[in-house]
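The values are calculated or read from the model by the stated rules, or taken from the named source; none is laboratory data. This is a predicted model, so every value here is computed, not measured. Cβ coordinates were reconstructed from backbone atoms using ideal geometry, including for glycine residues, and neighbour counts include every protein chain displayed. Just the protein is used for accessible areas: all its heavy atoms, side chains included, with ligands, DNA and RNA removed. Shrake-Rupley method; radii C 1.70, N 1.55, O 1.52, S 1.80 Å.
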Number of protein chains: 2
Amino acid sequence: MTVSTQLPPPLPEGGLRVVALGGIGEVGRNMTVFEHAGRLLIVDCGVLFPEDDQPGVDLILPDFRAIEDRLDEIDALVLTHGHEDHIGAVPFLLKLRPDLPVVGSRFTLALLAAKCKEHRQTPHLHEVREGEHRSYGPFELEFFAVNHSIPDALAVAIRTPAGLVLHTGDIKLDQLPLDGRLTDLAGFSRLGDEGVDLFLVDSTNAEVPGFVVPEREIGPVLENVIRKANQRVIVACFASHVHRVQQVLDVAVQYKRRVAFVGRSMVRNMGIASDLGFLNVPEGLFVDLDEAMRMDEDEVLFVSTGSQGEPLSALSRMARGEHRQISIREGDTVILASSLIPGNENAVFNVVNGLAKLGARVVHQGNAKVHVSGHSPAGELLFLYNAVRPSNVMPVHGEWRHLRANSALAVATGVAEDRVVIAEDGVVVDLIDGKAAISGRVVVGHVYVDGLSVGDVGESTLSDRLVLGEGGFIAINVAIDSSSGRAVTRPTVSGRGFSDDPKALDDCVSLVEMELSRTEAEGITDTHRVAQAVRRVVGRWVAEKYRRRPMIVPTVIPV
Amino acid sequence: MTVSTQLPPPLPEGGLRVVALGGIGEVGRNMTVFEHAGRLLIVDCGVLFPEDDQPGVDLILPDFRAIEDRLDEIDALVLTHGHEDHIGAVPFLLKLRPDLPVVGSRFTLALLAAKCKEHRQTPHLHEVREGEHRSYGPFELEFFAVNHSIPDALAVAIRTPAGLVLHTGDIKLDQLPLDGRLTDLAGFSRLGDEGVDLFLVDSTNAEVPGFVVPEREIGPVLENVIRKANQRVIVACFASHVHRVQQVLDVAVQYKRRVAFVGRSMVRNMGIASDLGFLNVPEGLFVDLDEAMRMDEDEVLFVSTGSQGEPLSALSRMARGEHRQISIREGDTVILASSLIPGNENAVFNVVNGLAKLGARVVHQGNAKVHVSGHSPAGELLFLYNAVRPSNVMPVHGEWRHLRANSALAVATGVAEDRVVIAEDGVVVDLIDGKAAISGRVVVGHVYVDGLSVGDVGESTLSDRLVLGEGGFIAINVAIDSSSGRAVTRPTVSGRGFSDDPKALDDCVSLVEMELSRTEAEGITDTHRVAQAVRRVVGRWVAEKYRRRPMIVPTVIPV
């Protein structure tokens, strides 16, 4: 499993090349590129949400550099399902290649179309469903139904002369799915009989033992909470989790509450789901928010975004008492029917605490069974491996801990250890003569979106932001005579993000003056050298006096 | 449960006043002040660790302002146990009142003494043990054995003419504790027979249903992992969790591995624990790190700090491949036998991923039962309420969600709803004629320690750091003629933490020049007004062009 840092050799004729431009070694921005006979096929094109050490970043995109010069060689983009980490970066790819055929299921493409509309794009959509076959260039595709935390998800089999590849997308094996649409394990077995040469498998829950509880077991828990409520009820969950929302609606109907959606993406997605028949809505169930506010508190139920504690979401505003319409009061019920994505705990618990302080009863994953995961844990992954019986395995969608755990499961079911390839982003895997192996690596970096621009915020900007965020900065400004190097103004020293004490930097001014006398005496007139000298003395002073490391920003103006 | 914002009235004679200066409405910096007959008693004095919205802060202290003018009236400081969130702020209190009697158990005081030594303090230590009575001023104290995730923890009963108060400290009810020292439920019942007027109860796990699994069940899990290891084994856990370490040592003995401690606090605390007989160490078990590095890999076991992913810890350095002595390789075993404190998930999983990438088998709370909590969940809290049968209850140690959950448990056992007082930090509770009620509020803010100074970093500095950390800053420098307002230099515009693109701000310079011509034309010579004008145009420009909000820092130097 050693990882090469070499550029890969040209792909031998008849071989298949696989490179992830995102999604392996991390959870998010899934994008896998397949190459055969000089043509490319892409599976998924999602975004990654930033972590603490990527401050100010809105989104992280897959790194398109490896395909930028080969855009015309792409035959299709296949989307396995409609989650942001699988479709979120599509508009950025379409900017480079607007006529790219985008292949996916009905619901997936409907969500994509809505997203592209916001970017003023009209993508070329090719709708497919489970059981169908399609060909794009040398890639013969077959689609399989997959159960996940969003409707209408697909796995895709890719046939080329190099062999048969199966990509699960995101997957789980709920045996009592709410819509009756099971993951097509029988189809996978049939592929297994044919012989799967390479199996790309969702690793997200590979560390978790056992099986996922059926989604439909959430319903009775919700029912039990909502039954007892005699005031306002607010349920927050992911805006794409149609089956979770369906269960909320069913309970609302049972207790004669009408339903109002809160939050832009919830309104939009549930509109699509209900239009396409994925959400089953009795006539007259929905009310708009304004009408809901005029109804009695026990006659309405709100379904809201904000389950991850996003500070600008409706739920966060309610928790801070800042929502324009809904003010929480003692006795209200709030249910967070959602996962707690690692890294969001503080934000989510801030919301829970805010609501609790206002007197709401808050039900969440930590105190009730109001969420189940959308990804197969270890027990289910074993079923998949035993159905598919692959020759080669590539764990995808996961951090290193997940990839390692998934590899161990593959090996436990009989896959040869040297046929399990952990290939993080950029690592090139070639399937040649039925054997998958790493052949090299292409550069895959983080592509940051911050505000309107893509890519101008990079590692050096982020590292500056981390320094500034931890310690603020101290700015020293002085004008010097450009011929003598003499300071013509008294230096000003000011800090931001450094101290609340207005006198904190007072001692520093005379220190800078002394240093300026020294540089003048030494005949230094170069503003850059003067600035360096000032930076050095101020940095040393602040480290000694405060044991802190603010950014030191000297500006020397020549006059 | 409405919370007053009024200063409390003077305490009526014969009453008891209770104010938390930290620890209620948050998890950490526990400190409760009791007042009777003009005298004060303090229970615990701990630190809180900062969250994401408190960047650059090392520690948060309780707010001493409410007692700063009454230091001489304090009769004693009682420490329930030796965790940082109960003793970490003691040196800061001792700076104000060096001769304050500090009362606690043997192990607690030994940890405190070590901490004070680093601050060059020699505190006045009063050692007590369970079953003992002591009087300080009007406060008659009785101590009870309590089981927690650190040895030698105590609960304290406080008798004054106002009534009998019981404070649990941190508590759980492990019925098979490793040291055989049970929480003294019988003692609590005896107090209950006498009549407990006010019961202060640990809320940390009040939301969690059920009971904690006995600590001793961790041992076999560790044994099962370590038995299979034939290379290096590293176990990370809290440096104060003596019983967890004891179980690691027992397994090491069983598999003939000697033990090396890694990390300053681990070495220090385990030295104390072993000297005082809290850690049972067979002769010749310990080796120092240098000697351990010369031994065969299957003959040694490392016990390390860093279980919370602290970036400078030994374990984090190993995960990054930067540890001076220990390099992880394929087949090594690392066990994180510790909790995952909310907010630390990303840091911990970064470490786990780093280790997994290097090839280690990583066992953690997420994939094996290698941790149990130190705090009573709901099932155990019911036992406590039923033993004590208090007239009044004050949930302590917890965020709002925990306090609400704990209140509900008290009410479920028969405590009258209006006798359960949720009093977050600063809320003043008076126990008068057997009834506890909120009488007002004192100001309790966050006191930040950053580097060497305490208190100079406040909310305005933090809010600047948050802005800088998200978007960096744009600095505009210009010198103007102080009489005419004319720019005598071309303005310089530079950003830090804004963009990696060196041309990102180019368009901005001419904009500033235009604005300076305008201010000059309007005869504005006041540097402050010129700076304001520059800030406005640059802020507007960057919001439009980039949709970002960096800090805008204009400096106008008069020459």
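Rounded to whole Å and sorted largest first, list the principal axis extents of the Cα atoms in the range B:204-285.
For the range B:204-285, the Cα extents along the three principal axes come out at 43, 31, 21 Å.
Among B:237, B:334, B:263, whose Cα projects farthest towards the positive end of the dipole of the range B:215-364, with charges put on the beta-carbon of Lys, Arg (+1) and Asp, Glu (-1)?
In the range B:215-364, that residue is B:334.
Quick one: what do you get for the range B:229-269 if you divide its Cα Rg by 2.2 N^0.38 Å?
1.15
Using a 10 Å cut-off around each Cβ of peptide B:455-468, what is the average number of partner chain Cβ atoms that fall inside?
Counting other chains' Cβ atoms within 10 Å and averaging over B:455-468 gives 6.
Give the average, rounded to an integer, of partner chain Cβ atoms located within 10 angstrom of each Cβ in B:361-368.
3
Please report, in debye to the nearest 20, how large the charge dipole of chain B is about its Cα centre when each Lys and Arg carries +1 at its beta carbon and each Asp and Glu carries -1 there.
Here the size comes out at about 1200 debye.
In deg cm²/dmol, rounded to 500, what helix-only [θ] at 222 nm does the protein assembly as shown give when every DSSP H run of at least 4 residues adds -39500 (n - 2.57) and the total is split over its residues?
Counting only the DSSP helices, I get -9000 deg cm²/dmol.
Could you tell me what percent of the accessible area of the range B:299-408 is made up of carbon and sulfur, with a 1.4 Å probe and every protein chain present?
Carbon and sulfur atoms account for 54 percent of the accessible area of the range B:299-408.
Using alpha carbons only, what's the Rg to Rh ratio of the range A:459-558 with Rh from Kirkwood?
So for the range A:459-558, dividing Rg by the Kirkwood Rh gives 0.99.
Could you compute Rg(Cα) / (2.2 N^0.38 Å) for the range A:215-364, with N its residue count?
Here the answer is 0.95, to two decimals.
Please state the shape class of the range B:44-162: rounded when a/c is under 1.5, otherwise prolate if a/b exceeds b/c and oblate if not, all from the C-alpha gyration tensor.
prolate
What net charge is computed for the residues neighbouring residue B:87, neighbours being all others with C-beta under 9 Å from the C-beta of residue B:87, Lys and Arg scored +1, Asp and Glu -1?
-2
If R₀ is 41 angstrom, what is the calculated FRET efficiency for the pair residue A:255 and residue A:53, using the beta carbon separation as r and rounding to 0.05?
Calculated value: 0.35.
Name the nearest-to-axis residue of chain B, judged by Cβ distance to the rotation axis taking chain B onto chain A, and quote that distance in whole Å.
Of all Cβ atoms in chain B, the one nearest the axis gives B:469, 1.
If the only charges are +1 at each Lys and Arg Cβ and -1 at each Asp and Glu Cβ, what is the size of the charge dipole of the range A:459-558 around the Cα centre, to the nearest 20 debye?
160
Out of all DSSP beta bridges in the protein assembly as shown, what portion is antiparallel? Express it as a percent rounded to 5.
Bridges in the protein assembly as shown are about 50 percent antiparallel.
Across the residues of A:44-55, average count of Cβ atoms on other protein chains within 10 Å?
Mean inter-chain Cβ contacts per residue within 10 Å come to 2.
Please find the FRET efficiency linking residue A:367 to residue A:522, where r is the Cβ-Cβ separation and R0 is fixed at 56 Å, and quote it to the nearest 0.05.
Result of the calculation: an efficiency of 0.25.
Taking chain B as the region of interest, what is the percent of Cα-Cα pairs per 10 angstrom bin, listed from the shortest bin to the one with the maximum distance?
Going from the shortest bin to the longest, the percentages are 3, 16, 22, 20, 15, 12, 8, 3, 0.
Sequence-distant or interchain residues sharing an amide H contact under 5 Å with residue A:553, placed H: which?
Correct list: A:474, A:475, A:476.
Hey, could you pull the Cα Rg and Dmax for the range B:327-391, both in Å?
Both quantities, over Cα of the range B:327-391: 17.8, 59 Å.
Give me the net charge of residue A:221's neighbourhood, meaning all other residues with Cβ under 15 Å from the Cβ of residue A:221; Lys, Arg count +1, Asp, Glu -1.
Charge balance near residue A:221 sits at +2.
Using a Förster distance of 41 Å, how high is the FRET efficiency between residue A:325 and residue A:129, based on the Cβ-Cβ distance and rounded to 0.05?
Result of the calculation: an efficiency of 0.55.
Say the dipole of chain B comes from +1 at the beta carbon of Lys and Arg and -1 at that of Asp and Glu; which of B:524, B:61, B:74 then lies farthest toward its positive end?
Toward the positive end, the furthest listed residue is B:524.
Just subtract the alpha-carbon distance of residue A:97 and residue A:71 from 0.36 nm times their residue separation and send over the number in nm, one decimal.
8.7 nm
Quick one: in the protein assembly as shown, what % of C-alpha pairs are over 40 Å apart?
54
Just to confirm the filter: which GluC sites (Glu not before Pro) across the range A:176-276 are DSSP coil and have at most 15 other Cβ within 10 angstrom of their Cβ?
Nothing satisfies the criteria.
Per residue, how big is the convex hull around the C-alpha atoms of the range B:140-283? Give it to me in cubic angstrom, could you?
Residue-normalised Cα hull volume stands at 141 Å³.
Only four residue types carry charge here, +1 at the Cβ of Lys and Arg and -1 at the Cβ of Asp and Glu. Report the dipole size of the protein assembly as shown about the Cα centre in Debye, rounded to the nearest 20.
Dipole size: approximately 620 debye.
Given a 1.4 Å probe and the protein chains all in place, what does the accessible area of residue A:467 round to, in Å² to the nearest 10?
My reading of the accessible area for residue A:467 is about 60 Å².
Taking a temperature of 4 °C and a viscosity of 1.567 mPa s, what whole-number D in µm²/s does Stokes-Einstein yield for the range A:179-234 with Rh from Kirkwood over alpha carbon pairs?
Using the Kirkwood radius from Cα pairs, D works out to 83 µm²/s.
Expressed as a whole percent, how much of the Cα-Cα distance distribution for the range A:7-55 exceeds 13 Å?
Tail of P(r) above 13 Å: 63 percent of Cα pairs.
Can you give the % of DSSP beta bridges in chain A that are antiparallel, to the nearest 5?
Once the DSSP bridges in chain A are tallied, antiparallel ones form about 50 percent.
For the range B:459-558, what proportion of DSSP beta bridges, expressed in % and rounded to the nearest 5, is antiparallel?
Taking every DSSP beta bridge within the range B:459-558, about 45 percent pair in antiparallel fashion.
With Cβ to Cβ distances under 13 Å as the rule, what net charge do the other residues near residue B:211 carry (K, R +1; D, E -1)?
-3
Taking the range A:230-280, which trypsin sites (Lys or Arg not before Pro) meet the DSSP loop condition and have no more than 10 other C-beta atoms within 10 Å?
A:256
Which value, in square angstrom to the nearest 100, describes the accessible area buried between chains A and B on both sides, using a 1.4 angstrom probe?
Its buried surface, counting both partners, is about 5600 Å².
Using a 10 Å cut-off on Cβ atoms, rank the peptides A:407-418, B:289-300, A:294-305 from the highest mean neighbour count down.
Top to bottom by mean Cβ count within 10 Å: A:294-305, A:407-418, B:289-300.
Given N residues in the range B:478-524, what is Rg(Cα) / (2.2 N^0.38 Å)?
Output field value: 1.32.
How large is the accessible surface of residue A:503 in square angstrom, using a 1.4 angstrom probe and rounding to the nearest 10?
Result for residue A:503: roughly 140 Å² accessible.
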